[in-house]
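Novice: Pasting a structure below so you can have a look.
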Amino acid sequence: MLASANVIEKTWDDDRLRRDRLAHLQQAMKEKKVGACLFTTWVSGLYAINTRIPQGHVFVPVEGNPVAFVRPMDDGYVSMNDVETRLPIYLGHPSDPDQESKLTRWAAALDDLMVECGVGGESLAIDTIDPVGAVALSQHGFKLENARGVLQAAAAVKTQDEILIYWQTGKIYDRIMRQFRDEMKPGISEREMISYIYGQVVSMGGEGLLQINVCSGPNTWPWLRWPTERRFENGDLVGMDLHVYGPGGYVFDASRTYLCGGPGNDTQRELYKRAVEYNNACIDMLRPGLSIPEYIETIPKVPKKYEEAVYAFHIIHSNGLTPGEYPNVEKRHKVMEDTFKENQILSLDCYFGESGYHEAVKLEELVLLTKDGAAKMADMPYEDRLL
C-alpha cells in the first residue's frame, strides 16, 4: 500500500480565527437578545476561545472577553492563549458529596459575573446542563435559554480562516479517495480498508476521524454504515463516507463510490450516472440569497423508484466543529425559512439505489458557497469506468 506524507500547510491565523469567531458569536447573541453564554461542552468552548479544555466551562458575555473556568492542571496552557481563567466551582459531578453547597455558590458566582460584565438580570444561554444545575440556576433567578440557536447562527457563515482550514483539509480528500480507489482489491475486508484509511488520514495531517463508513456489494443497499468482515468481491460497488477532523477540529464530510475489479454492469452504470448528474445539478443550483424553500422545490426530481434511497439522506447540511450543522435540510422534514449565504460550507448528500437491486451509489460533496456559486473544496475523482 502507498505511503503518505503530511499535505497540510499552515495558511490560517489562529489569533485572527479566535477574534473573528468570537465576533460572530457575540453578534448572534445580540440578535437573539442573550446577555451571556455558558458553554459546558469542550466543543462549544473551543468555538468561543479556540482552545480545547477537556473539563471546564467557558463564559462569554455579549460584549468583552470570555472567561474560562478551568482546573489547575489546565490553567497553564489556557492562560498562554490569552484567555482569562478562574477556578471552577461546580463541573457537574453527581458523586461530589459537597454538590449542594457548590451548586449554591456556583449560581451566586455566575450571577456576580453577569453583573461584573454589565448583563445582570439578562438571559443566560447554556449548551448543556444537568438537571440539578438547571434547578440551581432557576432558583437563583436566572432566565435560561438554549445556546444551540446562538451557536448555529454564529457558525453558519464561516470566517476567512475557517475557510482556509477547509481548503487545506480538502487536500487530504484529494489524495485519500485516489488511494481508496487504487488500493481496493478483491479479498480486502471492509475493516481492513478502514484501518488503512485511518492511518493514511493521520499521516496526511488530519487530527483524526469522526466517522468512517466502508460498505461493499450488498452492504451498500441499504447503506449498512458500520464496517464488517465482508471481503470485497470482483465487480462490487464499494462506497466510503468519510468524516475527517481537520486542523482545529473542523469536520470535513464527503463520500465516493468506486468499482472493485470490474468490469461493471448496466445497472451499476445507470445508478452511478444518475447519482453524479443529480449531485452536480444540486451543486450548480446553489447561490447566495437563494431561499432554501425555493431551492428544495427546484432541485431535480428523481424517478419514484429512487426516492426511497435519495430522500433517506440529507439534501444539504453544513459542517464546522460538529457535523450536520445549520442549515440542515432533509426532504422529509419541514423546510426552514431562510436563505443560503456567502461563505457557508455545505455538504450535499447523494444516495442512489433501487428496490430489488442489491447495491447503491453513495456520493457526497463538500462545497464553499461563493458570490459566484458553489465551489468544490476537494478534487475527488469519480469512477470513470461507470460513466
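The values are calculated or read from the model by the stated rules, or taken from the named source; none is laboratory data. Owing to the predicted nature of the structure, the values given are computational and were not obtained by experimental measurement. Here the Cβ positions follow ideal geometry from the backbone for every residue, glycine too, while neighbour counts run over all protein chains shown.
Novice: Among the strands (runs of 3 or more DSSP E) contained in the stretch 256-360, which hold 3 or more residues that are among the β-branched types (Val, Ile, Thr)?
Specialist: So the answer is none; nothing clears 3.
Novice: From Leu242, Leu271, grab the single residue that is within 22 Å of the chain's Cα centre (by Cα), buried (at least 16 other Cβ atoms within 10 Å of the Cβ) and in the same structural domain as Met380 (by TED's automatic domain parsing).
Specialist: Checking each option against the conditions leaves just Leu242.
Novice: Next question, about the same structure. Based on this model, can you work out whether Asp379 counts as assigned by TED's automatic domain parsing to the domain that holds Tyr245, exposed (fewer than 15 other Cβ atoms within 10 Å of the Cβ), farther than 26 Å from Ser44 by Cα and touching a Gly at 6+ places or on another chain (Cβ under 9 Å)?
Specialist: It is true that Asp379 is assigned by TED's automatic domain parsing to the domain that holds Tyr245, exposed (fewer than 15 other Cβ atoms within 10 Å of the Cβ), farther than 26 Å from Ser44 by Cα and touching a Gly at 6+ places or on another chain (Cβ under 9 Å).
Novice: A further question on this structure: Can you find a residue in the stretch 211-229 that is among the basic types (Lys, Arg) and touching a residue at least 24 places away in the same chain (Cβ under 8 Å)?
Specialist: No: the stretch 211-229 contains no residue that is among the basic types (Lys, Arg) and touching a residue at least 24 places away in the same chain (Cβ under 8 Å).
Novice: Next up: With Arg287, Arg274 as the choices, which residue is touching a residue at least 12 places away in the same chain (Cβ under 8 Å) and out of contact with any Asp or Glu (no Cβ under 9 Å at 6 or more places or on another chain)?
Specialist: Arg274
Novice: Can you tell me which residue among Val214, Val202 is within 22 Å of Gly246 (Cα to Cα) and surrounded by 19 or more Cβ atoms within 10 Å (Cβ to Cβ)?
Specialist: Exactly one residue qualifies, and that residue is Val214.
Novice: Which is at pLDDT 95 or above and under 30 Å from Arg178 (Cα atoms), of Lys30, Lys10?
Specialist: So the residue among Lys30, Lys10 that is at pLDDT 95 or above and under 30 Å from Arg178 (Cα atoms) is Lys10.
Novice: Picking from Arg225, Arg231, which residue would you name as being under 25 Å from the mean Cα position of the chain (by Cα) and more than 26 Å from Ala5 (Cα to Cα)?
Specialist: From the options Arg225, Arg231, the qualifying one is Arg225.
Novice: Okay, next question. Do the conditions hold for Ala5, that is, is it touching a residue at least 24 places away in the same chain (Cβ under 8 Å), closer than 28 Å to Pro323 by Cβ, of a type in the set (A, V, I, L, M) and outside the structural domain of Phe142 (by TED's automatic domain parsing)?
Specialist: Yes.
Novice: I'm told Tyr166 meets every condition in (1) assigned by TED's automatic domain parsing to the domain that holds Gly261; (2) more than 16 Å from the chain's Cα centre (by Cα); (3) assigned to a helix (DSSP H, G or I) except one. Can you identify the failing condition by its number?
Specialist: Every listed condition holds for Tyr166 apart from (2).
Novice: Does Met193 satisfy being buried (at least 20 other Cβ atoms within 10 Å of the Cβ), in contact with a Ser or Thr (Cβ under 6 Å, 6 or more places away or on another chain) and either hydrophobic (A, V, I, L, M, F, W, C) or closer than 30 Å to Glu233 by Cβ (or both)?
Specialist: It is false that Met193 is buried (at least 20 other Cβ atoms within 10 Å of the Cβ), in contact with a Ser or Thr (Cβ under 6 Å, 6 or more places away or on another chain) and either hydrophobic (A, V, I, L, M, F, W, C) or closer than 30 Å to Glu233 by Cβ (or both).
Novice: Would you please list the contacts, defined by Cβ atoms under 9 Å and residues six or more apart or on different chains, that run from a residue in the stretch 240-255 that is outside any strand (DSSP E or B) to a residue that is of a type in the set (Ser, Thr, Tyr)?
Specialist: Gly246/Tyr166; Gly246/Thr169; Pro247/Thr169; Tyr250/Tyr166; Tyr250/Thr169
Novice: Additional query: Search the stretch 310-341 for residues being exposed (fewer than 14 other Cβ atoms within 10 Å of the Cβ) and among the charged types (D, E, K, R), and hand back the single one that is nearest to Pro222 (Cα to Cα).
Specialist: Arg332
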